[in-house]
There are 2 protein chains.
Amino acid sequence: MIHITVIGMGLIGTSLAMAIRSADEKEAPLGPSVITGYDKDRRATGDARGRLAIDREAKSLEDALKDAQLVIVAVPVQAIREVFSQIAPLLPNDAVVTDVASTKAQVLDWARELLPATVDFIGGHPMAGKEQSGASAADPALLRDAIYCICPAPRARQPALELIEAMVKQVHAKIYYIDAVEHDAYVAGVSHLPFMLSTALVELVSDSAGWKEMAPLAATGFRDVSRLASGDAEMHRDIALTNRVALGRWLEDAARLLLDMRDQIEAGQSDELLELFEHARQVREAWLLSRPNLRPGEESFENISGVDVTKPSLLGRFGRRPTDRRS
Amino acid sequence: MIHITVIGMGLIGTSLAMAIRSADEKEAPLGPSVITGYDKDRRATGDARGRLAIDREAKSLEDALKDAQLVIVAVPVQAIREVFSQIAPLLPNDAVVTDVASTKAQVLDWARELLPATVDFIGGHPMAGKEQSGASAADPALLRDAIYCICPAPRARQPALELIEAMVKQVHAKIYYIDAVEHDAYVAGVSHLPFMLSTALVELVSDSAGWKEMAPLAATGFRDVSRLASGDAEMHRDIALTNRVALGRWLEDAARLLLDMRDQIEAGQSDELLELFEHARQVREAWLLSRPNLRPGEESFENISGVDVTKPSLLGRFGRRPTDRRS
């Protein structure tokens, strides 16, 4: 029986707990487990308990950590430093500590600075999320087939690594070992930059005098490119501030490329534009092919423009949406 | 019996023809109709005929236009000028001509310059599309509930307007009268700029030395923001070149905003960033609420991260995808 403690009953902490708990005990890589949940907001812990994500609600960090063998710190990245300070004196010897934050170099620094040498820290980042937040939006399926980045502290021991590997396996995610600094630069490009572009788009158009007339013209293209702008503002603020250098560089490059595109358009460089657009198209198609799990959404959200989808399509296989039927 | 001719059997031309034809004749605002299709590529016309989009394949423009009362020019925007020149001497008196191109000011100029005074021109732009192109990807549902922009030529007569209104009604789209120059500035913001941001994102990350390691980390956020980059390169090149001024201005503003964001991040302006992100979030949520037809996709593509969706959700109502079942 392994004692697992989840600190922070938000979207990811609760989803992770649910995914660990929903495994068949006999086949579970972690073996039989008991999960204790703690959140400084007692209602969040109650919500998580209500969703059967945890076996036990802890009323204090002392209570939460007293037998802990695996500690999952699932709080916003800006809160991690404080949580590390608070749990440091309470961690049992040989406990394994991990986190789920979107940036890793800063978190590893905090771990080295604050956690005792008697525990192992292994940074983690499951590449999963959605706009809604909190325990009530949690979903164990979020983790399934997700890439799960692992950035071990340099001094982390082998048994700790094996424990984290077992956890990732248990939630049906895919382990991906990566250096923390590389991780941060890469996710800045494929995750944080897309959020910035999405947010910039919404800010630009809504700031325009014509927004009221423009809004009805915005269709599925706008919807998809702007989707990330609906994400949790606080979380993204924290991400931006803990990944300043890498993100700053991407933003600069993006600005430069947009100005280049403007120049090419202004100069009527037809062939160059065609080549650029065609190159981007091919790169994205190749990427999609390499990520078959992401392909289905691609097709279906495309077709959800209206109603009564009668053509053979992915959506067609789901059937019609009842609310969409014409009377 | 109204004689309709569609020139250009691509995605939109064929979808429009299918949507017109699929209306119940007794209730059809256009009344009984016969649709002739023409494309300089004979295979496209054959495909459209195979999909029952048209009643008759024309072998030449002369043949296509001889009895035409409503002519829908559904060719790429850059080809419109040439098509107008070619059809001008062939158009029957009192024919109504419309198009479906994504930019309107330039098209209205060409119509004024090239079409005879004996016909009425009314520019049109159905706000619908998808990445796939050609008659084989056509789908009458694309038009349903779509905003259909209408930019009449100044001298267009009332009966011509009524005919176009009937057509839009027949395909279950929503008519939206708008000035051509305003149209172009607005769609540059909500449609062409999103494409540019999407393409810029793909170019930036794939141009990076780390792309091979980054690609597996790219998840649903990247997928959605980059979706438009999969669009037809030639079409987007044409759009960019026929909407230079408006698009150029948006690109400049976007570059400036991204640099501002970089400065705020670099300076650690926590409150300002939070305010910016929160503002964008609220604007987008309000926009989504105003576009209930676009909301469903929002929820479902969110949940298509993996498999076995057992929680109550929009996806849940469709049921499971067969391919996703665990063995």
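The values are calculated or read from the model by the stated rules, or taken from the named source; none is laboratory data. Since the model is a prediction, treat every value here as computed from it, not as a measurement. Note that we place each Cβ from the backbone using ideal geometry, even for glycine, and neighbour counts take in every protein chain shown.
Values for this structure:
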read-out	value
Set B:74, B:95, B:64, B:105: member being over 30 Å from residue A:268 (Cα atoms) and touching a residue at least 40 places away in the same chain (Cβ under 8 Å)	B:64
Pick from segment B:247-262, criterion crowded, with 21+ Cβ neighbours inside 10 Å and under 22 Å from the mean Cα position of the chain (by Cα), ranking: farthest from residue B:180 (Cα to Cα)	B:251
Residue A:37 surrounded by 15 or more Cβ atoms within 10 Å (Cβ to Cβ) and under 23 Å from residue A:88 (Cβ atoms)	yes
Matching residues, segment A:14-27, being among the charged types (D, E, K, R) and either surrounded by 19 or more Cβ atoms within 10 Å (Cβ to Cβ) or in a helix (DSSP H, G or I) (or both)	A:21
Filter result (closer than 13 Å to residue B:277 by Cα, facing another protein chain (nearest Cβ under 7 Å) and part of a helix (DSSP H, G or I)) within segment A:220-240	A:227, A:228, A:229, A:230, A:233, A:234, A:236, A:237, A:240
Residue pairs meeting the criteria (Cβ under 8 Å; at least 6 apart or on separate chains; first without any contact (Cβ under 8 Å) to a residue 24 or more places away in the chain, in segment A:191-214; second polar (S, T, N, Q) and not in a helix (DSSP H, G or I))	A:214/A:208
Residues within segment B:22-40 that are under 21 Å from residue B:130 (Cα atoms) and modelled with pLDDT of 95 or more, tallied	1
Residue satisfying all of: in segment A:216-233; touching a Phe, Trp or Tyr at 6+ places or on another chain (Cβ under 8 Å) and within 23 Å of residue A:104 (Cα to Cα); surrounded by the fewest Cβ atoms within 10 Å (Cβ to Cβ) among these	A:233
Odd one out for residue A:144, checked against (1) within 13 Å of the chain's Cα centre (by Cα); (2) modelled with pLDDT of 95 or more; (3) basic (Lys, Arg)	(2)
Residue in segment B:146-169 that is of a type in the set (A, V, I, L, M, F, W, C) and over 16 Å from residue B:72 (Cα atoms) present	yes
Hey, residue B:213 facing chain A (nearest Cβ under 7 Å) and either part of a loop (DSSP other than H, G, I, E, B) or under 20 Å from the mean Cα position of the chain (by Cα) (or both) or not	no
Residues of segment A:76-96 classified as under 11 Å from residue A:61 (Cβ atoms) and crowded, with 19+ Cβ neighbours inside 10 Å, total	3
Any chance residue B:291 is closer than 26 Å to residue B:180 by Cα and either free of Cβ contacts under 8 Å to residues at least 40 places away in the same chain or facing chain A (nearest Cβ under 7 Å) (or both)	yes
Considering residues of segment A:241-288 that are within 19 Å of residue B:247 (Cα to Cα) and among the basic types (Lys, Arg) only, the residue nearest to the other protein chains (Cβ to nearest Cβ)	A:262
Condition check for residue B:11: farther than 15 Å from residue B:170 by Cα, buried (at least 24 other Cβ atoms within 10 Å of the Cβ), within 17 Å of the chain's Cα centre (by Cα) and not β-branched (Val, Ile, Thr)	yes
Residue that is nearest to residue B:231 (Cα to Cα), among those in segment B:1-33 that are among the β-branched types (Val, Ile, Thr) and out of contact with any strand residue (DSSP E or B) (no Cβ under 6 Å at 6 or more places or on another chain)	B:12
Yes/no for residue B:30 being assigned to a loop (DSSP other than H, G, I, E, B), under 24 Å from the mean Cα position of the chain (by Cα) and surrounded by 15 or more Cβ atoms within 10 Å (Cβ to Cβ)	yes
Residue tally, condition assigned to a helix (DSSP H, G or I), of a type outside the set (S, T, N, Q) and within 19 Å of residue B:125 (Cβ to Cβ), over segment B:35-91	6
Residue check, residue B:274 modelled with pLDDT of 95 or more and buried (at least 24 other Cβ atoms within 10 Å of the Cβ)	no
